[in-house]
Amino acid sequence: MARTIFITGASSGIGAATARAAVAQGWHVGLFARSEDKLRALADELGDAASIFAGDASRLDDLTNAVDALAERGGIDAAFANAGKGLSKPGTEAGDPDEWRQMVDVNVMGVLYTARAALPHLRRRKGHLVVTGSAAGRRHISGSIYGATKWFVHGYAGNLAEEMREWGGRCTVVAPGMVDTAFFDTPKPEKLHPEDVAAAVMHAIEAPERVGVREIFLMPQN
Ligand SMILES: NC(=O)c1ccc[n+]([C@@H]2O[C@H](COP(=O)([O-])OP(=O)(O)OC[C@H]3O[C@@H](n4cnc5c(N)ncnc54)[C@H](OP(=O)(O)O)[C@@H]3O)[C@@H](O)[C@H]2O)c1
């Protein structure tokens, strides 16, 4: 039977590329994001292997309803907490506290909520949680509040990997440097491509059961 992965932030960039890679390797995918039109277009491309769930990753109910509905169709083997956003105005003194709140709600609370919604299902299958960290969550970048949300993601992923190991589950943080996605206003074709990050996710979730891939750190060569 095909395995199933739930993906947040599946409407574009890394999440959409991971959905394509997973379907190409025989997985079923549950696609979650706010842009229902984009999810529908991707699902049309992917065919019967894809189900769509429009929702906001900063809302626990949206995630729980989506994950439960996907699980009813045959269980969940993996979840990818990937939805995230940056800031239009960086810095503690110059930045906008309302924008910080929205970012923390997705980048921090959204990861916790995805884990909360998925873990009861993953536990049944000795499943896998993957989270999108960042190079910005591994080193200090002057004044970066976005980077600090990714430090949270890295810390949480390591702690969760220890917890999930107690029942045979696995947790991986995938940490890319700059990726050419809609995250940036201008194209970055010389940087990593979303497919490169998708390949890292697939490596982690396809690894033999004895292998806990804890972190994959990818940097562009240029
Ligand atoms: N691009 C980079 O250089 C880079 C590097 C390291 C890490 N990352 C991380 O990679 C992840 C994916 O980003 P990306 O580069 O693929 O950018 P992207 O193309 O802008 O994708 C972001 C995704 O997150 C979703 N999203 C944002 N807020 C959401 C919310 N409140 N609820 C549900 N979904 C939400 C978006 O969908 P909707 O707008 O449709 O909801 C979209 O699918 C993020 O966590 C980002 O921090 C990116």
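For the pair D48 and N222, a Förster radius of 41 Å applied to the C-beta separation gives a FRET efficiency near 0.60, rounded to the nearest 0.05. As I understand it, the value is the acute angle between the Cα axis of helix 110-125 and the longest principal axis of the Cα atoms of the chain; what does it come to in degrees, rounded to 10? Roughly 20 degrees, rounded to the nearest 10.
Taking amide H atoms as placed 1.01 Å from N in the peptide plane, the amide H of H28 lies under 5 Å from those of R3, T4, I5, each 5 or more residues away in sequence or on another chain.
In which sequence would W167, W27 go, from the one with the fewest C-beta neighbours within 10 Å to the one with the most?
Numbers: W167 12, W27 21.
Listing W167, W27 from fewest to most nearby Cβ atoms yields W167, W27.
Sketch the reach of a paramagnetic label on M1 as a point 7 Å from Cα along Cα-to-Cβ, and name the residues of the stretch 159-176 whose backbone nitrogen lies under 20 Å away. 168-170, by backbone N distance to the label point. For the pair the stretch 45-78 and the stretch 1-19, the centres of their Cα atoms are 10 angstrom apart. Extension gain for E195-E162 works out to 9.1 nm (0.36 nm per residue, less the C-alpha to C-alpha distance). Only lysine pairs 8 or more places apart or on separate chains count here, and in the chain those with Cα atoms under 29 Å apart total 14.
In order along the stretch 126-143, the phi-based Karplus estimate (6.51 cos²θ - 1.76 cosθ + 1.60, θ = phi - 60°) of 3J(HN,Hα) comes to 6, x, 10, 10, 10, 10, 8, x, 5, 4, 6, x, 10, 9, 8, 10, 2, x Hz; Gly and Pro are listed as x.
Packing here is the average count of other Cβ atoms within 10 Å per residue, and on that basis the peptides 135-143, 60-68, 202-210, 107-115, highest first, run 107-115, 60-68, 135-143, 202-210. Over the stretch 4-218, all Cα pairs binned in 5 Å intervals from 0 give whole-percent P(r) values of 1, 8, 16, 21, 22, 17, 9, 4, 1, 0, listed from short to long.
What you get for the chain, charging only the Cβ of Lys and Arg (+1) and of Asp and Glu (-1), is a dipole of about 600 debye around the Cα centre.
Given the rule -39500 (n - 2.57) for each run of at least 4 DSSP H residues, summed and divided by the residues of the chain, what is its mean residue ellipticity at 222 nm, to the nearest 500 deg cm²/dmol?
Details: 7 runs with 94 residues, N = 222.
Value at 222 nm, helices only: -13500 deg cm²/dmol.
Taken together, the values in this text are just the output of simple stated rules run on the coordinates, not laboratory data. All of these numbers come straight from a predicted model, not from anything done at the bench. Here Cβ is always computed from backbone atoms with ideal geometry, including for glycine, and neighbour counts include all displayed protein chains.
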